[in-house]
Amino acid sequence: MRDLRQAWTRWRGALPLAAMLLAAPCVHADPSQFPRPPQLEPDVRFWQRIYSKVTTQGGLLHDDRYLSIVYEEISFPVGSTPRDRVAIVDAARSRYESLLRRLAAAHGEDPDPEAQRVLALFPANVTPAALEEAADRVRFQLGQADRFREGLIRSGTWERHVEETLKREGLPPELSALPHVESSFNPRATSKVGAAGLWQFMRSTGKRWLRVDGTVDERLDPYKSTLAAAQFLNINYAILGSWPLALTAYNHGAGGMRHARESMGTDDIVTIVRGYQSRTFGFASRNFYVSFLAALEIDRNPEKFFGHLERAPGDASRVVHMPAAVPVQTLEKVVGADRDTLRALNFSLLDPVWVGRRPVPRGFDLHVPAGVDAARLATRLGGQDEARAHEVSYTVKKGDTLDRIATTYGLRTAELAEFNALADHAVHAGATLRIPPQPGAAPTAVPEQQPEPRPRPESSKARPQPASHEEAAESAPGLLPGVESAASADPSDYSVNDGRAVVLGAETLGQFAEWLGVTPARLRQLNDIPDSAPLTIGRHLKLDLSVVDAETFVARRTHYHHQLQDEFFRHWRIAGQEKLRLQAGESLWTLTRRSSVPIWLLRQYNPAVDFTTIHAGTEILLPKLEAATSVAANGAGR
């Protein structure tokens, strides 16, 4: 007898053509860009059922690999608590796990009607081994129909802007349905792992394109985050060459999808979704593309799934480019709107602004109610830089610490560090610190005795572990548990293959030796590199893994690069990208000197280019950089 996977393939292949035609949707995405293979049709239909038929008051128990196997639809009792729901799901899951193992032991000969009903969900020649494996794959998915309907209504506020931005960036209009999967079109959506906004950017990913600090979090701005998402999707597509892979990379990362493609020897989404095995390629990544296809069809045909509904009217607010840093109290008076109204229009301004601890930043694109004369308001605000006028500064004395200074001014250490762009919390005698404007009495002198250590900021804590499927489905803002943009937009390959690693930008032989716990001389000997010869980018370096294993080496190497990138994106942001062809006499060195783009970032945008052999005519994708908004560099709140 063959195993379940082989039987499954044969069973699907035998589906009558008529049944496949009946299952076809009314509206498809462009099949040339967003193919919908028949092999994935059961998966798409599963998500359409979750999105349009089953509400958050219930869910489906199913096989987490083969989504056409649905064991039971569970409905939660009215008034049941989260604890009650988890208990109900756990009990049902245990029941099906036991039943599947019993069927496996009995070779499918169990006469119990319920056992036979479950057995009928599998191909006729399913093996006992396959049933035993299926017992480990019983999963619960919370319904989302009520959330999806709310998201459809809410999407009316932003969909025109999303579509216009995608068009301007040269992207397919179908991508405008992606926020349904990510956030249910809720700009305020946040997840347990730190993703935020309409497009669920992780903090480190968002900071490549957006301002993310203690005053402004542009991941929550539906306008700026949409442009960032378009640029992120554009680079994914440039790297991977197909929308099924580029979309999956939005969740799994372009580097991860490049590795998947190379491991499987194909860019076929069916082969990768069905066969690729990786510790990080979990349920959300495997289902990202099919859940998008399901959301797209519902978004384009809402009446088919929900009947008549009215989408919310589009956002009619006006935008004022703030000419000065202005406290919210003053802004209320000048605009003629209370802060609740202003807050409802400006999602990216954070709590310190609304409670009066920091001003609305100079240069911020402030949304004001429709009907406000934006040009006249900007003129009036130009003379209102009250925050700058009342700003306090402090000269660091010998023996001072950031903790002591923050305590004196009633601030959190992290807040003071962030306001002054201090990445490592270190201060030096003679330096001048800017103190965030705040209401209340003036501070006392900095104490001579150091206070008790204050808790480290949130960013220094360990990253939260993913919740269980039930908890994640209950609380996640999007419609697929675990969905957020990739934790890193870095598409570089840091892996070890056949005991070798490809040398990347910003790497030296000494760093490789440190990550491996060996001497540089050992690596030179192993790779026959003369003492005076430099380490060239693109070289396949043979590694000595006698001290540390490959996994430890990769972790150390990745940590180094991500620290390097985090520091870079504290000072720079990506403002777009352009294609250019190298001219005669140009090289990698002259290109990076002329553009100020570091080699490692240039390679990230061009992973398929061999920079050791580039020549005139080579096409390069070049990121365009702009200085990141910095409170330290540009005055109060900027």
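The values are calculated or read from the model by the stated rules, or taken from the named source; none is laboratory data. Nothing here was measured: the structure is a model prediction, and the numbers come from that model. All Cβ positions, even for glycine, are placed from backbone atoms using ideal geometry, and neighbour counts span all protein chains on display.
Tabulated values for the structure
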{"read-out": "All strands (runs of 3 or more DSSP E) inside region 523-638 with 3 or more residues being touching a residue at least 12 places away in the same chain (Cβ under 8 Å) and small (Gly, Ala, Ser)", "value": "none"}
{"read-out": "Any chance Leu60 is crowded, with 18+ Cβ neighbours inside 10 Å and either more than 30 Å from Asp267 (Cβ to Cβ) or assigned by TED's automatic domain parsing to the domain that holds Asp136 (or both)", "value": "yes"}
{"read-out": "Test: residue in region 507-523 that is crowded, with 16+ Cβ neighbours inside 10 Å, within 30 Å of Leu422 (Cβ to Cβ) and among the hydroxyl-bearing types (Ser, Thr, Tyr)", "value": "no"}
{"read-out": "Residue match in region 581-588 (condition: within 27 Å of Ser495 (Cβ to Cβ), at pLDDT below 85, touching a helix residue (DSSP H, G or I) at 6+ places or on another chain (Cβ under 9 Å) and buried (at least 18 other Cβ atoms within 10 Å of the Cβ))", "value": "yes"}
{"read-out": "The one condition in (1) free of Cβ contacts under 8 Å to residues at least 60 places away in the same chain; (2) among the charged types (D, E, K, R); (3) part of a loop (DSSP other than H, G, I, E, B) that Lys192 fails to fulfil", "value": "(1)"}
{"read-out": "Selection count where residues are surrounded by fewer than 22 Cβ atoms within 10 Å (Cβ to Cβ) and under 19 Å from Pro244 (Cα atoms), scope region 168-198", "value": "6"}
{"read-out": "Pairs with Cβ under 9 Å, 6+ apart, first in region 273-299 and farther than 18 Å from Trp199 by Cα, second assigned to a loop (DSSP other than H, G, I, E, B) and of a type in the set (Val, Ile, Thr)", "value": "Glu297/Val27"}
{"read-out": "Residues of region 421-434 satisfying the condition of being surrounded by fewer than 19 Cβ atoms within 10 Å (Cβ to Cβ) and in contact with a helix residue (DSSP H, G or I) (Cβ under 9 Å, 6 or more places away or on another chain)", "value": "Ala421, Leu422, Ala423, Asp424, His425, Ala426, Arg434"}
{"read-out": "Per-region count, region 86-99, residues out of contact with any Pro (no Cβ under 9 Å at 6 or more places or on another chain) and either closer than 26 Å to Gln48 by Cβ or of a type in the set (Val, Ile, Thr) (or both)", "value": "5"}
{"read-out": "Scan of region 149-175 for residues that are within 23 Å of Leu345 (Cα to Cα), in contact (Cβ under 8 Å) with a residue 40 or more places away in the chain and in a helix (DSSP H, G or I), ordered by number", "value": "Arg149, Gly151, Leu152, Ile153, Arg154, Ser155, Glu159, Arg160, His161, Val162, Thr165, Leu166"}
{"read-out": "Tally of residues being in contact with a Pro (Cβ under 9 Å, 6 or more places away or on another chain) and on the phi < 0 side of the Ramachandran plot across region 573-602", "value": "9"}
{"read-out": "Boolean, Glu310 is in contact (Cβ under 8 Å) with a residue 12 or more places away in the chain, more than 29 Å from the chain's Cα centre (by Cα) and either assigned to a helix (DSSP H, G or I) or not assigned by TED's automatic domain parsing to the domain that holds Ala414 (or both)", "value": "yes"}
{"read-out": "Residue among Leu210, Leu296, Leu247 that is in contact with a helix residue (DSSP H, G or I) (Cβ under 6 Å, 6 or more places away or on another chain), buried (at least 23 other Cβ atoms within 10 Å of the Cβ), in a loop (DSSP other than H, G, I, E, B) and not basic (Lys, Arg)", "value": "Leu210"}
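Residue by residue, here is whether (1) assigned by TED's automatic domain parsing to the domain that holds Ala628; (2) at pLDDT 70 or above; (3) assigned to a helix (DSSP H, G or I); (4) aromatic (Phe, Trp, Tyr) holds:
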| site | (1), (2), (3), (4) |
| --- | --- |
| Thr379 | no, yes, yes, no |
| Gly399 | no, yes, no, no |
| Glu418 | no, yes, yes, no |
| Leu422 | no, yes, no, no |
| Ala426 | no, yes, no, no |
| Gln449 | no, no, no, no |
| Pro464 | no, no, no, no |
